[in-house]
Every structure is written in structure tokens, then in C-alpha cells.
1. Considering each of G488, G514 in turn, give the residue that is touching a residue at least 24 places away in the same chain (Cβ under 8 Å) and at positive phi.
2. In segment 428-445, is there at least one residue being within 20 Å of the chain's Cα centre (by Cα), at pLDDT below 80 and under 30 Å from V248 (Cα atoms)?
3. Taking interchain pairs and intrachain pairs at least six residues apart, which have beta carbon atoms under 6 angstrom, with the first residue in segment 343-372 and in contact (Cβ under 8 Å) with a residue 40 or more places away in the chain and over 20 Å from P317 (Cβ atoms) and the second among the polar types (S, T, N, Q) and surrounded by 14 or more Cβ atoms within 10 Å (Cβ to Cβ)?
4. Got a sec? Which of L318, L303, L335 is surrounded by 18 or more Cβ atoms within 10 Å (Cβ to Cβ), at pLDDT below 85 and of a type outside the set (D, E)?
5. Among what's in segment 164-183 and is at pLDDT below 75 and assigned to a loop (DSSP other than H, G, I, E, B), pick the residue that is farthest from the chain's Cα centre (by Cα).
6. State yes or no: is P116 in a helix (DSSP H, G or I), at pLDDT below 90 and within 22 Å of E72 (Cβ to Cβ)?
7. Considering only segment 151-182, state which residues are among the aliphatic types (A, V, I, L, M) and either surrounded by 13 or more Cβ atoms within 10 Å (Cβ to Cβ) or in contact with a His (Cβ under 7 Å, 6 or more places away or on another chain) (or both).
8. Tally time: how many residues in segment 338-355 are under 30 Å from R599 (Cβ atoms) and more than 34 Å from the chain's Cα centre (by Cα)?
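The values are calculated or read from the model by the stated rules, or taken from the named source; none is laboratory data. Values in this document were obtained by computation on a predicted structure and should not be read as measured data. Using ideal geometry, Cβ is built from the backbone for each residue, glycine included, and neighbour counts are taken over all protein chains shown.
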Amino acid sequence: MAVNDHNRKQSSSSSWYLCRSSARCFQIVTSSKASTMEKEKNQSDGKDLPVLNATTRKPGGWKAMPFIIGNETFERLATFGLLANFMVYLTREFHMDQVTASNVINIWSGVTNFAPLVGAFISDAYLGRFPTIAFASCASLLGMVTVTMTAWMAQLRPPPCTPQQQELGQCKGSTKAQLGVLLLGLGFLSIGSGGIRPCSIPFGVDQFDPTTDDGKKGINSFFNWYYTTFTVVLLFTQTIVVYIQDSVSWSIGFGIPTLCMFLSIIFFFVGTNIYVHVKAEESPFSGLAQVFVAAYKKRRIQLPADGDADRIFYDPPLKGATFTKLPLTDHFRFLNKAAFIQENELKPDGTSTNQWRLCSIQQVEELKCIIRIIPIWISGVVSLTSMTQQGTFTVSQALKMDRHLGPHFQIPAGSMGVISLIIIGLWIPFYDRILVPALRKVTKNEGGISLLQRIGIGAVFSILSMVVAGLVERVRRASAIQNPQPLGVAPMSVMWLAPQLILMGFCEAFNIIGQIEFFNRQFPDHMRSIGNSLFSCSFAGASYLSSLVVTIVHHVTRTHAHPDWLTNDINDGRLDYFYFLIAGMGVLNLIYFLYCANRYRYKGSTQIRDDHNDSHHVDHDDHALVLELSNSNKA
């Protein structure tokens, strides 16, 4: 029903909008009373900690950057240095077969990548970013100390054995207590990742005011420094640290990252009084649940036809850290009922009497954004399955190939992933500075190609990578069988793995970075941390899916005459068939993705007005953010 004139007059102390079902909204009344009260509240709260305000605040700025970037550099050095060569550690020191080691890594990786979703929720709704990062950093340090202890103390790992004994399966495995200590350390690391990953970048951005030119420039520079230090860290961990672990000592190789994590915590707490501390807001999930409940309660009403101005939708002014107002759309139109105003649903000040019965247009459209994203996210889970093989079976291949560079140096198997990193580092600047401007002239698209086109191209590279991996493995296996060696090492260079790793690098440059940019742009403003953590959930789903496929293949392909495809000695197995299976899954997933992408509607936006009635948009440097998150989630 229409809202009567009496309610309209009484609502003059706030601001809300008349919206036709054609998604056009007209402001009825505007007042700054509420915003003035909010300013006064924030000013009083700001005596203890600086609080983010939509109009005025005193950011930490570049004074806080040495501590934040120092903390992030040492934290990434610690995490990646500990885990870059973990497949080799499990097989050599804990005497696991490659299927068991692969499943341990995949399951743990799944837990670690699902944890940021929980961490983002706790940070945004309860604790805030600073306490979350502080607690998570201590958990990570505890986890790394525990894992390092397994390498340092002989009582916490199985007794040593020779490579020949391990090849014959004669090594004694770990006890339940030894495995429990290792898994305890990995559990602490998962808790740490759950708090650090979704909060680290937003916490750095919090130090700048995004509504000013200096703040925007500061954010851009922060992303550049962040990605630069990240690249240096990856190169260092996947070369020097992996070499120390592989050739010198596991305890020293793990001890260096643990020391770095300790230094990371020191850097973080030194800057406590300089940081901008943004307080936690209410849970974003409650607003989504309210839309479902309100739409269900009003399921029997009929929405007004186009042009019917007698009925209106509830559209109050934005609040908090949300800068982009979403227009009402007809997509998933049944949800629009949640914002449809009926009699006695507005207070005299124009606000909703019951948020579980009347929701704003912004809430409705934010839920629609997430519903539209879910099918694309599912496709991303399958497309990332091929990447999970890079840290498991690609390492197994490298261990069975000639890794010598000259007579005295041998490439660590865990360092082969550097090839993909180099491709990303070379391709991204070329793509951003040369290819995108050229494509922009042809396609008239600001990004050269759309986000979904970029993801689709990456999916194609993912399939090609698995096909090439299968062909290379077929040649490697044939070479090893024709030229038997005591340890089964094929007389062919490990650089034969370069083609599949190069293709995987292009997959990351297109698919992974495209996915992160997609989630960052298409998620609601105040849920960007959750959107970024959703990408971690993609890796978690890919890890679990990979573990499931590995387990099924391990049991189904075994016969009395032949071992399974993924037997511990890959020369006896058929790892090439497994790669072809992953490629086949990728083809089916690509078809599904094309169907979803064809039906996807990108998020819209309208200009909003601040307290001074100045119309503005807030720009986000998504590209720099995309570069960093791609590689951090990879590790």
C-alpha cells in the first residue's frame, strides 16, 4: 500500500527514495540531522582510537607503512618458506607415499583456504582488523614453531632411512603422536591464515583516506610496494629457502621462516599507536538473511507494474563504509518484495519498523550480487583443480627427472614453480601496459576484455597445461622404463616440465587474477573482505575436489595385474592418464562456465551524495589488489 501523507511529513528528518519498479529512484526528503549525530558520535569515540568516517578522519598514512609492509613481508616469507617444499618434507622425512602426502596437503590447504571466510566474518562483525591480525599472527608463529620442532627433534618424526629403502617401501612410518604434532602445527597455521589473509590488505588500505586524491595515490603506492615485496619474497623462498631445506638442513630451512614470523609480529605491534583502527560493523550476513525472510513473508503480494507510482520501495541513505548505491533491478524480481513498503512498516523518522519484514533496496541488490556470483564461483573451483597439482604431482615428476645444472648443482624439486612466477611477472606488465591499451581501442572496454572473458581464457590455459603435462609425463615415463636407474630417475632434463608450468603461469595471469578482480568488483562494497576470502574458498574447494579425485583414482584404477595410476612409484603408475582426466574435467567445466557467463549480469551502480551534497564515486585500484592476492592465495 502507499505510505500516507502523514508518514511522509514525519519522515523529514531522514532521507529515503521513491522507486518505480523500472528501477528509477527519486529522493523524497534530504536532511543532515542523522549524519551530524553520527559525526558527533565518531568524534567522541575517536578519543581512544581513530575511527573510519565517511567524511573526516586522521589516517595513519605513510607513517604506518614501514610497520605494515615490514610485517607483511616477514609474514609471507615465513609462510611461503615453510610450505614451498612441504611435499618433499612429507615424503622424505615422514615417509608418506605420494597419495597420502598429496591428500594431507590438499585437505590442509582446503581448511586453510576456507578459514579466511570465517576470519573475515569475525573481523568485520566483532573484533576489527587489528585484533584479528594480532591474534592470527601469534597463532601462525605457534604453528611454525611446532612444525619446525618436528624437523629439529628426532623424537617427533620417524627414524631416517635411505632413498633405496624408501623406494622399496621399507621405511618406518610416523606414529600417531608424531603425526598428531605435525597436524597440530598445521592447524595453528590454518588459524593464522584465516585471520591474516582477509584482513592484511584492507588494514593497509584503512591507513589512507579513499575520498581524497592523496589517499588514492597512497593506496596505489601501497599496492605497488605490497606486490613488489611479495615478488621478492616468493623468489627468495622458492630458491634459497627451498635449497637450504633440500640440501642443507630441514631444521634450518624451517627455522629461518619461523624467525621471520617472530620479526613480523614485532614490526606489527611497534606501529600500534600509529595505525588507523576501524571498528567492526554489524554482521553483513544478517542483512542478507533479512532479505530472504522479508521476501518470504511478502511472497503473496503482487509487485506494482511499470509506471505505477502509488507503490514505493524502501531506499534509505547509505551508511558506514558503503559508497556505491545499487539501483533496483528486475533480476530475481521476487526478492524485490523485501523492499516493498506496506502500511505501518515505517517509523515517523522514515526508518523501517522491522528489518526482518522491510529491507532496503541496497540490501536486496547486494543479495542479488552474491546469488549471481555463486555459479561463476563454482566454475572457478573446478578450474583451479589443475593448479593444485603443481605443488604435488609436478614435484613428484621433478624428483624422477635429471635436475642437475652443471656437475655440482641440483635444482630443488620444490623450486620448479618459480617458472610460473617468472611468467606472471613478465606477462602482467606487458598485458597491462601494451596489450590492454591496444585491445581497448578495438573492444571499447576499459579493461581491454571483460572480466569473464579473462577468466575464460585462463580456463583454456588450465586445460592446455594439463594436456601438455600428460604428454610430457608419457615421454618421461617411457624414458625411465627404457633406461632403468636405481632410483627410477629418467635421463631427461627437468626443464621438460617448463612448458606445462609456463601454461600454468598464463592460467594464473588470466584466470586467477581475473577471478579476484571479478569478486572484488562484483561484491558489495562493505563485503569486499568476504569477497576476497571467497576466492580462498575457491582454492579450498579445488583442494578438496583434487583430494577426492586422487582418492577415487587411487582405488578405482587398481587391478590385480597393474598398480593404480597414482602409485608411489610413478614409473609404474599412469600419472599421464590422471592429467588427461583433469583436462577432461576442465573441458566440461569450460562449457558450464560459458553458459553461466552468457547469462551473467554485471553489478550496476549509481552516484550517491555525501553530507555536502557533492555527487561522487569512489575509485578502487582493483588491478594492483588483484596482482597481490593472486599469488598470496596460490601459496
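1. Details: G514 fails: at positive phi.
Step by step, each of G488, G514 is checked, and only G488 is touching a residue at least 24 places away in the same chain (Cβ under 8 Å) and at positive phi.
2. Within segment 428-445 (the criterion being within 20 Å of the chain's Cα centre (by Cα), at pLDDT below 80 and under 30 Å from V248 (Cα atoms)), the answer is no, since none of the residues qualifies.
3. Pairs found: W356/Q290.
4. Working: L303 fails: surrounded by 18 or more Cβ atoms within 10 Å (Cβ to Cβ); L335 fails: at pLDDT below 85.
The conditions single out L318.
5. Per the stated criteria, the residue is L168.
6. On the way: in a helix (DSSP H, G or I): yes; at pLDDT below 90: yes; within 22 Å of E72 (Cβ to Cβ): yes.
Judged against the criteria, P116 is a match.
7. Taking segment 151-182 first, the residues among the aliphatic types (A, V, I, L, M) are 151, 153-154, 156, 168, 177, 179, 181-182.
Across segment 151-182, the qualifying residues are A151, L156, L179, V181, L182.
8. From segment 338-355, those under 30 Å from R599 (Cβ atoms) are 338-340; that's our starting set.
From what's left, more than 34 Å from the chain's Cα centre (by Cα): 340.
The total comes to 1.
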